[in-house]
Amino acid sequence: VDIDVLRRKHVLLLISDLDISLDEIQVLEVLYKYERASSSELNYEIVWLPIVDRSAWNDSYQQKFLNLQSIMPWYTVNHPSVIEPAVIKYTKEKWRFVKKPIVVTLDPQGKVTCTNALNMMWIWGNAAFPFSTDKEESLWKSESWTIELLVDGLEPNLPNWMREEKVICFYGGEKMEWIESFTSATKKAAQTLEIGLEMVYVGKNNAKERVKKISGLITEKQLSHSWQDASVWFFWNRLESMLYSKTQHGKTNDPDIIKQEVMTILGYDGSEHGWAIFFLGTTEMVRANGERVLSSMQSFEEWEEMVRQMGFIPALRKHLEGITDDHHCTRLILPGISGGIEERVVCAECGRPMEMYFMYRCCVE
């Protein structure tokens, strides 16, 4: 098509290599198609710029490019070779494109309004339009740490559960033995207290095949609800996006509850143990790592009376505060991305500063 199709529109430059995941394409496709189907004033186009090493180009790369191009409903360049070396250099040096896809937004006058809008697209979808840095900042000002922000419509039963005032538990991990023990002990405690409880397994980041097997066993044994592949991927991707977005916009001196909670969950996921977070209503919340929350549920009779006096969430929180761990360290594994990464991170359990390392991962399955 002629370049005129982009005239007087907001343009989103999707910049990636040929390893862009199908999950990312599918989520973007939902946003893109919704924008076209709705009668709203959203008026943007997406153009894919595939960044490749020309010297290594071969037939398999050509096929991969054609396959990706065929499943993308938006505009793409005719061939990666039409992207000038100077443009590739600019995307890497100025827009900090490395490996992970980015979306650079241009307003109708062609001015860059955000060097990576992908984070806000994952967090708020089309509500973040026109995907500018100013819009991102204003959206964060109106957010607070709630169950809706954490789950973002991924659990269709959530509105009903909240209306019925049930305790809702989201949990993750990859050890089946822990999952069975935890779900059994938690359901037993809820039964004793005669309170409504719903549990949802949200998997583990970057462990697609293992999580798929675990989800199958959870469903087969009727241990709890369990999300499918796409929901698990989106949940963890959104959490990482929240952290990167907050890092870019946060004021370092101000305490940021959302950022702290996101980093805590990502830290739990980085450890070898499970974790759980309980909600009652929109904001009443308590969370803990796998060892602490399992021991709490297994010794439920110790704090049962407290529950009857102050309620489930406050009683569990008070009980957890009284537990001391011999070993309480967590680790936080994050992929490199444009926009920098947090220089100072504290342990989610003990509050001490953590050392910074770079970790290169391959074949995460």
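Would you call Arg163 out of contact with any helix residue (DSSP H, G or I) (no Cβ under 7 Å at 6 or more places or on another chain), touching a residue at least 60 places away in the same chain (Cβ under 8 Å) and surrounded by fewer than 20 Cβ atoms within 10 Å (Cβ to Cβ)?
Taking the combined requirement at face value, the residue does not satisfy it.
Can you name every residue in the stretch 50-74 that is touching a residue at least 40 places away in the same chain (Cβ under 8 Å) and either more than 24 Å from the chain's Cα centre (by Cα) or in a loop (DSSP other than H, G, I, E, B) (or both)?
We begin by selecting, within the stretch 50-74, every residue touching a residue at least 40 places away in the same chain (Cβ under 8 Å); these are 51, 61, 64-65, 68, 71-74.
Result: Ile51, Tyr61, Lys64, Phe65, Met72, Pro73, Trp74.
Of Val286, Val346, which residue is open to solvent by less than 90 Å² (accessible area, probe 1.4 Å), closer than 25 Å to Ile214 by Cβ and at pLDDT 65 or above?
Working: Val346 fails: closer than 25 Å to Ile214 by Cβ.
Every option except Val286 fails the conditions.
Is there a residue being open to solvent by 10 Å² or more (accessible area, probe 1.4 Å), touching an Asp or Glu at 6+ places or on another chain (Cβ under 9 Å) and in the same structural domain as Gln248 (by the TED database) anywhere in the stretch 183-190?
The answer is no, given that none of the residues of the stretch 183-190 is open to solvent by 10 Å² or more (accessible area, probe 1.4 Å), touching an Asp or Glu at 6+ places or on another chain (Cβ under 9 Å) and in the same structural domain as Gln248 (by the TED database).
Criterion first (assigned by the TED database to the domain that holds Met263, under 15 Å from Met199 (Cα atoms) and surrounded by 20 or more Cβ atoms within 10 Å (Cβ to Cβ)) does Val293 satisfy it? Let's see the steps before the verdict.
Details: assigned by the TED database to the domain that holds Met263: yes; under 15 Å from Met199 (Cα atoms): yes; surrounded by 20 or more Cβ atoms within 10 Å (Cβ to Cβ): yes.
So Val293 fits the description; yes.
Looking at this structure, is Leu49 within 22 Å of Trp233 (Cα to Cα) and surrounded by 18 or more Cβ atoms within 10 Å (Cβ to Cβ)?
It is false that Leu49 is within 22 Å of Trp233 (Cα to Cα) and surrounded by 18 or more Cβ atoms within 10 Å (Cβ to Cβ).
Across the stretch 66-86, which residue is nearest to Asp53 (Cα to Cα) among those that are surrounded by 13 or more Cβ atoms within 10 Å (Cβ to Cβ) and among the aliphatic types (A, V, I, L, M)?
Ile83
Restricting to the stretch 87-113, count the residues that are touching a Lys or Arg at 6+ places or on another chain (Cβ under 8 Å) and open to solvent by less than 20 Å² (accessible area, probe 1.4 Å).
Looking only at the stretch 87-113, we keep the residues that are touching a Lys or Arg at 6+ places or on another chain (Cβ under 8 Å), and these are 98, 102, 108.
This time we only want the ones that are open to solvent by less than 20 Å² (accessible area, probe 1.4 Å), so: 102.
Total meeting the criteria: 1.
Can you tell me which residue among Val30, Val1 is in a loop (DSSP other than H, G, I, E, B) and surrounded by fewer than 16 Cβ atoms within 10 Å (Cβ to Cβ)? Let's see the steps before the verdict.
Working: Val30 fails: in a loop (DSSP other than H, G, I, E, B).
After applying the criteria, what remains is Val1.
Tell me, which residue of the stretch 251-276 that is at pLDDT below 80 and surrounded by fewer than 16 Cβ atoms within 10 Å (Cβ to Cβ) is nearest to the chain's Cα centre (by Cα)? Write out each step before concluding.
Filtering the stretch 251-276 for residues at pLDDT below 80 gives 251-255, 271-272.
Those still in the list that are surrounded by fewer than 16 Cβ atoms within 10 Å (Cβ to Cβ) too: 251-255, 272.
Numbers: Lys251: 22, Thr252: 22, Asn253: 25, Asp254: 23, Pro255: 21, Glu272: 19 Å.
So the residue we want is Glu272.
Taking the stretch 103-117 only, how many residues are out of contact with any helix residue (DSSP H, G or I) (no Cβ under 6 Å at 6 or more places or on another chain), hydrophobic (A, V, I, L, M, F, W, C) and outside any loop (DSSP other than H, G, I, E, B)?
Narrowing the stretch 103-117 to residues out of contact with any helix residue (DSSP H, G or I) (no Cβ under 6 Å at 6 or more places or on another chain): 104-113, 115-117.
Okay, now just the ones that are also hydrophobic (A, V, I, L, M, F, W, C), so 104, 106, 112, 117.
Restricting the remaining residues to those that are outside any loop (DSSP other than H, G, I, E, B) gives 104, 106, 112.
Of the residues in that region, 3 qualify.
Cβ contacts < 9 Å: first residue free of Cβ contacts under 8 Å to residues at least 24 places away in the same chain, restricted to the stretch 235-247; second residue of a type in the set (Ser, Thr, Tyr) and surrounded by fewer than 24 Cβ atoms within 10 Å (Cβ to Cβ), any location; separation 6+ or different chain. Result?
none
Just the residues that are touching a helix residue (DSSP H, G or I) at 6+ places or on another chain (Cβ under 9 Å) and farther than 15 Å from Ser224 by Cα, please, taken from the stretch 190-206.
Passing the criteria: Thr192, Leu193, Ile195, Lys204, Asn205, Asn206.
The values are calculated or read from the model by the stated rules, or taken from the named source; none is laboratory data. The structure presented is a predicted model; accordingly, all values stated were derived computationally and were not measured. Virtual Cβ from ideal backbone geometry, glycine too; neighbours counted across all protein chains shown. The accessibility values were calculated without ligands, DNA or RNA, using every heavy atom of the protein model including side chains. Shrake-Rupley method; radii C 1.70, N 1.55, O 1.52, S 1.80 Å.
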